[in-house]
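One structure is given below, encoded as structure tokens.
The values are calculated or read from the model by the stated rules, or taken from the named source; none is laboratory data. Because the structure is a prediction, the values reported are computed rather than measured. Heads up, the Cβs are rebuilt from the backbone with ideal geometry, glycines too, and the neighbour counts pull from every protein chain shown.
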Amino acid sequence: MTDPGTIGTTDLAVEEAFECDACGHRWYYTRARCPNCEGTSASPFGLGTGTVVTWTDARVTPPDVRAPNRLVLADFDGVRLVAQLAGDAVDVGDRVRFAGEYRLREAPGARGPRLTAVEE
Amino acid sequence: MTGVYIAGAGMTRFERTADASLLSLAATGATKALADADIQPSAVSSLHVGNMLAEATETQAGLANALVSWLGVEGVRADRVENTSASGASAVHRGVEAVASGTSDVALVVGAEKMSVGDTEAVTDTISRLVHAREYVQGITLPSFAGLVANAYLERYDATRAAFTEVAVKNHRNAVNNPVAQFQKMIDAEDVRSSPIVADPLRLYDCCPMSDGAAALVLSRDPGGVHVSGIGSATGTHAVASRSDPLVLESVRTAGERAFDAGALGVDDVDVACIHDAFTVLELLELEELGFYETGTAWRETLDGNTRLDGDVAVNPGGGLKARGHPIGATGVSQLVELTWQLRGDLPPERQVPAAETGFAINVGGFGNNSVCTVVEA
């Protein structure tokens, strides 16, 4: 559990979202207060399986990022995020989950899982 | 109604690599606007500078203060406004408020950027760092967001890629006779289709260039010139995926409502619009968010030619970011320079939107992070 007021400085693992300790609302992108109830205390929540909303293959990428960089915007029961995809192309509506351990970019600490297609 | 008028407008040519320094570009833009207003620098009471990258390019810290002395207007109130790609329009907003409130009688608004200085990678990295830290770690860039949104647009509305192409072709065509545009070159659909993919489905010709340039306005309460009927700014979520829908740009919608409400005007009044087409898909999305077209239909309207110079509403008659160029801090100011020329009827027939009386501009910071809309009337 994070202390009140420290949400904005908490580093979570790539596959983790925030879950508000007060109302249970979940979100991905670090912010100081819960967007639902303005609560200031949250805990890490491990994301399960999500659905592809849209995707792109970025061919022109920063020098320390793979090219092409296949990116997916996925929805995990209302928690939305954009992350790198491992493996082959996916379609809108496909199911994905975080898996593996990759160097996402050369910057220090930029390691973590990529989204991976789930066979269902 | 703001009671603020654009008494003068001017800009440098936008180009890939300007010989002049950032400060010199800014001063040239300012001098052109002052000459157009036919006033001396000593009449200026406030200076508002829009710029994003002066520090990143190790060009000039304290840009507004340096410009004060360069222009010889020591004593004025001066500040610099940074709002990423909408730095220019945010500086306009600051200037309009200063004049409307009576704290400044004559505001000089200058937007300037020199992106060709230094290391392209460093400039690109600075721009890419405007995203959320959890987006940055994934290597996401602004073109990647545009690719994600463009695919969603095609899928959701059963739209065709040809509509993106038409935006690029149209905006290039509009810039052919614009002497201040970076690209005065006609392109055709095949040029777009054969250009390299940047972020699928978007190609190089779907993206605005990097540019050097400056644009400036003189604002005053003296009736005459073009009236700033309304101006409004609004923010959206920082992270793009935090939004309920990748095709929703809430800051665009809200800023538009604020500007139109302030001017007691609506989209139906607009004859000419400068839309922030950093990527072709954004021109379509913004036209829909602002209410020019129903959601999911701007692509068809564009293909039908309704956004051309002689269409229902002439969109980006100066070439937009796509062809006029996008020297970040100058862009929002240059949109109002273009609208001033259009509403005064200054332009040659091949550039002039017929009977243009009401103009609209939107400048967007980040990928929908912060939008500034302005409505002007002849």
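Regarding the range A:50-57, can at least one residue be identified that is touching an Asp or Glu at 6+ places or on another chain (Cβ under 8 Å) and more than 12 Å from chain B (Cβ to nearest Cβ)? The answer is yes; a qualifying residue exists.
Which is closer than 30 Å to A:Y29 by Cα and touching a helix residue (DSSP H, G or I) at 6+ places or on another chain (Cβ under 6 Å), of B:P209, B:P201, B:P196?
Numbers: B:P209 fails: touching a helix residue (DSSP H, G or I) at 6+ places or on another chain (Cβ under 6 Å); B:P196 fails: closer than 30 Å to A:Y29 by Cα.
After applying the criteria, what remains is B:P201.
Evaluate the following for A:A42: is it among the aliphatic types (A, V, I, L, M), more than 9 Å from chain B (Cβ to nearest Cβ), surrounded by 15 or more Cβ atoms within 10 Å (Cβ to Cβ) and in contact with a helix residue (DSSP H, G or I) (Cβ under 8 Å, 6 or more places away or on another chain)?
Values: among the aliphatic types (A, V, I, L, M): yes; more than 9 Å from chain B (Cβ to nearest Cβ): yes; surrounded by 15 or more Cβ atoms within 10 Å (Cβ to Cβ): yes; in contact with a helix residue (DSSP H, G or I) (Cβ under 8 Å, 6 or more places away or on another chain): yes.
When the stated conditions are applied, A:A42 passes them.
Across the range B:97-125, what is the total count of residues that are part of a helix (DSSP H, G or I) and closer than 22 Å to B:I362 by Cα?
The first filter runs over the range B:97-125 and keeps only residues part of a helix (DSSP H, G or I), leaving B:97-100, B:120-125.
This time we only want the ones that are closer than 22 Å to B:I362 by Cα, so: B:97-100.
Matching residues across the range B:97-125 total 4.
If you filter the range B:334-358 down to residues that are closer than 24 Å to B:A112 by Cα and in contact with a Ser or Thr (Cβ under 9 Å, 6 or more places away or on another chain), you find that the one that is surrounded by the fewest Cβ atoms within 10 Å (Cβ to Cβ) is B:D346.
Go through the residues of the range A:62-85 one by one and say whether even a single one is among the acidic types (D, E) and under 30 Å from B:Y157 (Cα atoms). Yes: the range A:62-85 contains one or more residues that are among the acidic types (D, E) and under 30 Å from B:Y157 (Cα atoms). Just one of (1) in a loop (DSSP other than H, G, I, E, B); (2) surrounded by fewer than 18 Cβ atoms within 10 Å (Cβ to Cβ) fails for B:A162. It is (1). Please go through the range B:173-221 and pick out each residue that is farther than 30 Å from A:R70 by Cα, within 20 Å of the chain's Cα centre (by Cα) and not in a loop (DSSP other than H, G, I, E, B). B:R173, B:N174, B:A175, B:D212, B:G213, B:A214, B:A215, B:A216, B:L217, B:V218, B:L219 - these are the residues of the range B:173-221 that are farther than 30 Å from A:R70 by Cα, within 20 Å of the chain's Cα centre (by Cα) and not in a loop (DSSP other than H, G, I, E, B). Of the listed requirements (1) under 9 Å from the mean Cα position of the chain (by Cα); (2) modelled with pLDDT under 95, B:H326 misses just one: (2).
On the stretch given as the range B:265-293, residues that are in contact with a helix residue (DSSP H, G or I) (Cβ under 7 Å, 6 or more places away or on another chain) and free of Cβ contacts under 8 Å to residues at least 40 places away in the same chain total 6.
Please find, within the range B:130-147, the residue that is surrounded by the most Cβ atoms within 10 Å (Cβ to Cβ) out of those that are under 22 Å from the mean Cα position of the chain (by Cα) and facing chain A (nearest Cβ under 7 Å). So that I can check it myself, show each step before the final result.
Of the range B:130-147, the ones under 22 Å from the mean Cα position of the chain (by Cα) are B:130-131, B:141-147.
Checking the rest, the ones that are also facing chain A (nearest Cβ under 7 Å) come to B:141, B:143-144, B:147.
Details: B:T141: 25, B:P143: 24, B:S144: 30, B:G147: 27.
Of everything passing the filter in the range B:130-147, B:S144 is surrounded by the most Cβ atoms within 10 Å (Cβ to Cβ).
For the range A:90-106, give me each residue that is part of a strand (DSSP E or B) and in contact with a Pro (Cβ under 9 Å, 6 or more places away or on another chain). Please lay out each step first, then the result.
Initial filter on the range A:90-106 (part of a strand (DSSP E or B)): A:95-103.
Correct list: A:R97, A:F98, A:A99, A:G100, A:E101, A:Y102.
Restricting A:G24, A:G87, A:G109 to those that are at pLDDT below 95, part of a loop (DSSP other than H, G, I, E, B) and more than 10 Å from chain B (Cβ to nearest Cβ) reduces the list to A:G87. Of the residues making up the range B:204-242, those that are crowded, with 19+ Cβ neighbours inside 10 Å and closer than 15 Å to B:V99 by Cβ are B:A216, B:L217, B:V218, B:L219, B:S220, B:G225, B:V226, B:H227, B:V228, B:S229, B:G230, B:I231.
Filtered by the rule that a residue be more than 7 Å from every other protein chain (Cβ to nearest Cβ) and more than 13 Å from the chain's Cα centre (by Cα), the range A:67-84 gives A:A67, A:P68, A:R70.
Here are some conditions: (1) crowded, with 22+ Cβ neighbours inside 10 Å; (2) within 17 Å of the chain's Cα centre (by Cα). A:A58 meets all but one. Which one does it not meet? For A:A58, the failing item is (2). Just one of the numbered conditions (1) crowded, with 19+ Cβ neighbours inside 10 Å; (2) farther than 27 Å from B:A7 by Cβ; (3) more than 14 Å from every other protein chain (Cβ to nearest Cβ) is not true of B:E190: (1). When the range B:150-170 is filtered for residues that are in contact (Cβ under 8 Å) with a residue 40 or more places away in the chain and either among the hydroxyl-bearing types (S, T, Y) or within 13 Å of chain A (Cβ to nearest Cβ) (or both), the ones remaining, listed by number, are B:A150, B:N151, B:A152, B:Y153, B:L154, B:R156, B:Y157, B:T160, B:T165.
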